[in-house]
Amino acid sequence: MARKKTEDVIPFDSPPEVEADDAITGAVKDYLALRAQKDELKNQTSQINAMMEKIEKFLFDRMQSGDEKFESVRTAHGTVYLGEETFAKITDKTAFFDYIKNGDRLEVATISPNKAGIKQHLDVGEYVPGVELSTSRVARVRKK
């Protein structure tokens, strides 16, 4: 099954650029302002997360240093306590996928299609069973 591009389904010739009306001009201006705010907030969030991680490391080290180890410490502002986080990392992809496939154990994995990989297969005419790839046209905004 070959991938159908939007251009294959709906012929589209780019019209010449036209002058935008006030509503479109205002919407583009608002969109770009919101995108700039989002980028700034993303930057601030990254900085805040880095600072919080430093404080968490300090607290952990402090609670685990010296002769007395603490599981929790109550302060006037709040309580700090030690907890656990669990992480999973694939160390042997073949063994992991065999385990899933041979035992019908889908609950141990999160599976989602890789659109770039699927596009590559479809571009050379190779059908990928059980996956539908679609393309839609959307409005995009770029700065002048």
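Things to note:
- Residues in region 122-144 that are under 30 Å from Y31 (Cα atoms) and surrounded by 10 or more Cβ atoms within 10 Å (Cβ to Cβ): L133, T135, V141.
- Members of region 55-70 that are among the charged types (D, E, K, R) and surrounded by 10 or more Cβ atoms within 10 Å (Cβ to Cβ): E56, K57, R62
- Residue check for K57: assigned to a helix (DSSP H, G or I), within 28 Å of the chain's Cα centre (by Cα) and of a type in the set (D, E, K, R): yes
- From the options E71, E85, E107, E53, residue that is of a type outside the set (S, T, Y) and modelled with pLDDT under 90: E107
- Matching residues in region 130-144 - criterion: being in contact with a Lys or Arg (Cβ under 8 Å, 6 or more places away or on another chain) and either closer than 23 Å to I111 by Cα or among the acidic types (D, E) (or both): L133, T135
- Search result, residues across region 106-131 that are among the hydroxyl-bearing types (S, T, Y) and touching a residue at least 12 places away in the same chain (Cβ under 8 Å): Y127
- Scanning region 91-111 for residues that are surrounded by 10 or more Cβ atoms within 10 Å (Cβ to Cβ), assigned to a loop (DSSP other than H, G, I, E, B) and out of contact with any strand residue (DSSP E or B) (no Cβ under 9 Å at 6 or more places or on another chain) turns up at least one hit.
- Verdict on T94 being within 30 Å of I55 (Cβ to Cβ), among the β-branched types (V, I, T) and without any contact (Cβ under 8 Å) to a residue 24 or more places away in the chain: no
- Where a residue in region 62-91 is of a type in the set (G, A, S) and its partner, wherever it lies, is surrounded by 10 or more Cβ atoms within 10 Å (Cβ to Cβ), with Cβ under 6 Å and at least six apart: S72/Y81
Residue-wise test of (1) modelled with pLDDT under 95; (2) under 29 Å from the mean Cα position of the chain (by Cα).
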{"residue": "E7", "(1), (2)": "yes, yes"}
{"residue": "D13", "(1), (2)": "yes, no"}
{"residue": "E17", "(1), (2)": "yes, no"}
{"residue": "A23", "(1), (2)": "yes, no"}
{"residue": "K29", "(1), (2)": "yes, yes"}
{"residue": "L32", "(1), (2)": "no, yes"}
{"residue": "D39", "(1), (2)": "no, yes"}
{"residue": "N43", "(1), (2)": "no, yes"}
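- Number of residues in region 32-81 that are of a type in the set (S, T, N, Q) and within 30 Å of K144 (Cβ to Cβ) equals 6.
The values are calculated or read from the model by the stated rules, or taken from the named source; none is laboratory data. The model shown is predicted, which means the values in this text are computed figures rather than measured ones. Counting neighbours? That spans all protein chains shown, and the Cβs are built from the backbone with ideal geometry, glycine included.
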